[in-house]
Each structure stands twice: as C-alpha cells, then as structure tokens.
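Here is the structure we will look at, set down as structure tokens.
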Amino acid sequence: MTFAIIVHGGAGEVAPDSLDARKQGCRVAAEAGAVILRRGGSALDAAQASVEVLENNPLFNAGTGSTLNREGRVESDAAIMDGSTLKAGAVAAVSGIRNPIRLARAVMERSPHILLAGEGAHRFAQQHNIETCNPEELVVPEQRSHWEKEHGTVGAVALDAEGRMAAATSTGGIFDKLPGRVGDTPLIGCGTFADTHAAVSCTGSGEDIIRTTLARHAAYLVAQDLDAVTAAKQAIAYFAAHTQGDAGIILKSRKGELGYARNSLYMPVCALGFSEDLILDA
Ligand code: ASP
C-alpha cells in the first residue's frame with residue numbers, strides 16, 4: 001500500500017538526556033498515523049492522530065507540556081490543512097484546550113472560517129464538544145521551573161493511499177512570549193501548508209518563519225519540480241539567508257518523497273511509509 005507519514009518534535013536545543021525519549025515519542029506518534037493510513041484512512045486523520053499523540057506527551061511543547069508565556073500561562077496555536085481541497089482550520093492564543101489540533105480540525109469542518117483566536121476559539125470548543133480543561137492541567141513541572149527553553153513544537157505531514165496530502169502543526173509557542181502573541185504555526189503558508197504538490201510543517205523561530213512564509217515557500221519549490229529533500233534544504237537555506245533564526249521543516253511531495261531539513265541544532269523526526277523504512281534524526 002502507498003502511504004507515508006513524517007512527524008517532527010520541534011527544532012531547537014534540547015537537554016541531551018531527553019533526546020532518546022523525544023525520538024521515541026516521535027516514533028510512537030508516527031505509528032499512530034501509520035495505523036490509520038494502513039487501513040485506508042485519510043492523510044488528514046493520520047496527521048491529526050500523530051499530532052494528538054505528541055500533544056499528549058508532556059515532553060513536547062504542544063498541548064500538555066506547552067511552554068509558558070510571560071504570565072506563566074499556556075496559550076496554544078495549531079493548524080491543520082487538507083492539500084486535496086485547500087481547506088484549513090487553525091486556532092491561535094487559545095487557553096484550556098487539551099488537544100488544540102482537534103479544535104483546529106473543528107474550525108475547518110464546522111465553521112466558515114480558517115482561524116479562530118483566544119476567547120472566541122475557546123467558546124467554539126465548548127459549543128462543539130471539544131475537550132476543554134483547566135489551563136493549569138497543561139502545565140508540567142519542567143515548564144514551571146523552565147529549565148528547558150528549547151522549542152518543541154510538533155507537526156506531521158501525511159500522504160494517503162488515494163494520493164491526498166495533509167499537514168498538521170501544534171505548539172505552545174515560544175517561552176516567555178507576550179500574552180496574545182501568535183506564532184507561525186496557525187498561519188497558513190507560514191508554519192503549516194498543504195496543496196496538491198506538497199504538505200509541509202515547520203518549527204523554529206516563529207517570527208522569522210512568518211516573514212519568510214516558509215511552508216508555502218517549500219511547497220512552491222516542490223511545485224517547480226524539485227525533489228522533496230532538495231526543496232526542504234533549499235527552503236531552509238533561503239530561511240537562513242534572510243533571517244537570524246533557526247528552523248526545521250518536514251515535507252511530503254506528491255511523488256511520495258519525504259524531505260526534512262533544519263538549521264537548528266536538533267529536530268527529532270520519524271518517518272514511516274512505503275517500504276516501512278524508518279528515519280530517525282535528532
Ligand atoms: N514555531 C513555534 C512558534 O514560534 C515555536 C517552535 O517551533 O518551537 O510559535
């Protein structure tokens with residue numbers, strides 16, 4: 001069967017003793033998406049499932065375990081996009097949502113909009129039975145003592161047996177951000193993008209990813225017939241040439257190729273598909 005999924009666990013510096021656990025977390029998440037693809041499910045469901053697993057893993061900066069803003073609170077950003085229809089859904093600066101990617105999917109499917117923010121997004125969650133929680137439940141002790149300042153956004157891109165592609169990304173953003181700050185993750189074409197050429201998820205310095213519209217840039221390179229690996233590398237080279245930031249990118253091309261690249265120190269990645277080959281990188 002033809003399918004592929006690739007997930008990332010965020011670009012940045014990590015505490016060396018958490019590296020193996022992060023790689024393992026990515027592997028479990030990729031497997032959750034692969035199970036759906038193997039039984040003929042959609043790229044959209046697979047990408048969402050992988051991201052939910054990472055949101056529930058306190059090691060990663062998304063959902064439970066998100067980084068804290070300047071007021072010591074979690075504010076989440078997330079987006080999902082279906083490449084075959086260009087439908088997208090996203091949430092920004094929302095509090096008290098256990099799985100922000102679920103809420104992004106609901107925005108895509110149950111509202112006429114693409115991006116809902118803050119209090120309105122929270123109310124939308126309540127109206128559509130998306131699990132809300134006490135925002136404190138998303139805070140883990142490591143983030144409270146903020147010994148880790150690394151990124152750890154999560155993302156997944158998938159290709160299903162029908163040739164459809166999807167991208168999903170979720171994050172708590174950057175440490176010490178101002179309340180209300182929105183990063184690249186929920187902005188379509190910046191941290192998240194999918195069309196019929198490629199599906200892309202980015203991580204890293206959000207403001208720099210926004211100014212380079214990194215995900216759309218990479219998808220455009222694939223549309224110009226670059227292979228996925230070259231497109232990912234060129235997109236990161238463009239990013240590095242125009243900003244001082246660090247970033248990582250994963251992408252899937254319509255031909256089924258997987259690509260990833262980074263100029264950050266680390267980015268755990270796991271890919272499953274086709275020959276069932278597994279790529280792990282940190
Ligand atoms: N890109 C995310 C943001 O700026 C952070 C990250 O990838 O770790 O919100």
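Can you spot a residue in the stretch 154-165 that is within 16 Å of the ligand (Cβ to nearest atom) and either touching an Asp or Glu at 6+ places or on another chain (Cβ under 9 Å) or of a type in the set (Phe, Trp, Tyr) (or both)? Within the stretch 154-165 (the criterion being within 16 Å of the ligand (Cβ to nearest atom) and either touching an Asp or Glu at 6+ places or on another chain (Cβ under 9 Å) or of a type in the set (Phe, Trp, Tyr) (or both)), the answer is yes, since at least one residue qualifies. Each residue in the stretch 55-66 was checked for being closer than 14 Å to THR169 by Cα and away from the ligand (no atom under 12 Å from the Cβ), and 3 of them qualify.
The numbered conditions (1) surrounded by fewer than 24 Cβ atoms within 10 Å (Cβ to Cβ); (2) modelled with pLDDT of 95 or more; (3) within 15 Å of the ligand (Cβ to nearest atom) are all true for ASN69 except (2). Close Cβ contacts (under 6 Å, 6 or more residues apart or on different chains) running from residues in the stretch 82-107 that are hydroxyl-bearing (Ser, Thr, Tyr) to residues that are open to solvent by 10 Å² or more (accessible area, probe 1.4 Å) comprise SER84/ARG164; SER95/GLU75; SER95/PRO135.
Within the stretch 211-241, the set of residues being among the aliphatic types (A, V, I, L, M), under 24 Å from SER170 (Cβ atoms) and within 16 Å of the ligand (Cβ to nearest atom) comprises LEU214, ALA215, ALA218, ALA232, ALA235, ILE236. Note on the stretch 242-256: among residues that are open to solvent by less than 60 Å² (accessible area, probe 1.4 Å) and farther than 25 Å from VAL14 by Cα, the one that is nearest to the ligand (Cβ to nearest atom) is LYS252.
Are any of the residues in the stretch 186-204 of a type in the set (D, E, K, R) and within 16 Å of the ligand (Cβ to nearest atom)? No, the conditions are met nowhere in the stretch 186-204.
Within the stretch 153-195, being open to solvent by 50 Å² or more (accessible area, probe 1.4 Å) and of a type in the set (Lys, Arg) holds for one residue alone: ARG164. Residue-level check: of (1) in a loop (DSSP other than H, G, I, E, B); (2) within 9 Å of the ligand (Cβ to nearest atom); (3) over 23 Å from GLY25 (Cβ atoms), ASP208 misses just (1). Residues that are over 20 Å from ALA125 (Cα atoms), at pLDDT 95 or above and surrounded by fewer than 21 Cβ atoms within 10 Å (Cβ to Cβ) within the stretch 72-93 comprise SER84, THR85, LEU86, listed in sequence order. I'd like to check something: does the stretch 126-140 contain any residue that is in contact (Cβ under 8 Å) with a residue 24 or more places away in the chain, open to solvent by less than 10 Å² (accessible area, probe 1.4 Å), of a type outside the set (Gly, Ala, Ser) and on the phi < 0 side of the Ramachandran plot? Taking every residue of the stretch 126-140 in turn, at least one turns out to be in contact (Cβ under 8 Å) with a residue 24 or more places away in the chain, open to solvent by less than 10 Å² (accessible area, probe 1.4 Å), of a type outside the set (Gly, Ala, Ser) and on the phi < 0 side of the Ramachandran plot. Whether any residue in the stretch 104-124 is closer than 19 Å to ALA29 by Cα and surrounded by fewer than 22 Cβ atoms within 10 Å (Cβ to Cβ) is what I want to check. No. Selection within the stretch 4-18: residues that are more than 16 Å from the ligand (Cβ to nearest atom) and surrounded by fewer than 24 Cβ atoms within 10 Å (Cβ to Cβ). The member of this set that is farthest from LEU251 (Cα to Cα) is ASP17.
The values are calculated or read from the model by the stated rules, or taken from the named source; none is laboratory data. The model shown is predicted, which means the values in this text are computed figures rather than measured ones. Every residue, glycine among them, receives a Cβ derived from its backbone with ideal geometry; neighbour counts consider all protein chains shown. Side chains included, ligands, DNA and RNA excluded: accessible areas come from the protein's heavy atoms. Shrake-Rupley method; radii C 1.70, N 1.55, O 1.52, S 1.80 Å.
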